[in-house]
Amino acid sequence: MSQEQRRPRPAPEPRAANVNSVLSIAVAVLAVLLGFFILRDLRNDTSISAPDAVSSEESTQETTVETIPVETTVAQVVLTAFKVQIANASGVSGSAGLLTTEMQGKGYIVQPAINKSEITPKQTTTVVYYLLGSEAAAAQVAKELGGVATLPMPTPIPTETGSLGEASVLILLGTDLAGKPLSILSGGAVTPAPAAVITTTTTG
């Protein structure tokens, strides 16, 4: 055997170098990809957690509602929308006629004055009676008289005729108000309104 055949063949160094280069490139590409995905995940986590933080902060805030007081005006009934009857139960002669004249001067429609029924005792306290549906009118009249009591109409009606005619409100005049000027009774505080006024303020 010749000497050339006994010599060992040298290792193919270029092929090994190529393999190493490919591995290095693959590792580098893999590192870049991993870095890209990691950065993307971090950005997604940040964008998701930010609204949560805002909503959490908002949930801890207290909500204050400003309350605006509502102003209302008590409704005044049109004075010409009902009729009033005054019955003298005080025993003071002419007192019902005097009050009738003064109520007419205030703008009320008042029927001619009459007396109480025979079975109705003398009254020391004036009361305003009303038919069903005339509660507001009776309250207006009672306020005009200085805030006397109002009650549903009794049966029988306590007038000498036993009826009210066209009236729906009855003033059964007692000795407490008999002969007293209406300006003193109402204190000048009540001024009849030409029409019903209801004022309601809404908050929005």
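The values are calculated or read from the model by the stated rules, or taken from the named source; none is laboratory data. Predicted model, so just to flag it, every value in this text is computed and none were measured. Don't worry about glycine lacking a Cβ; one is built from the backbone with ideal geometry, like all the others, and counts go over all protein chains shown.
Worth a mention:
- Any hit, the range 58-79, residues being of a type in the set (A, V, I, L, M, F, W, C), under 30 Å from K143 (Cα atoms) and either in contact with a Gly (Cβ under 9 Å, 6 or more places away or on another chain) or at pLDDT 90 or above (or both): yes
- Residue within the range 100-120 that is touching a residue at least 24 places away in the same chain (Cβ under 8 Å), surrounded by 14 or more Cβ atoms within 10 Å (Cβ to Cβ), of a type in the set (A, V, I, L, M) and over 15 Å from G165 (Cβ atoms) present: yes
- Enumeration of residues in the range 83-109 that are among the hydrophobic types (A, V, I, L, M, F, W, C) and out of contact with any strand residue (DSSP E or B) (no Cβ under 9 Å at 6 or more places or on another chain): L98
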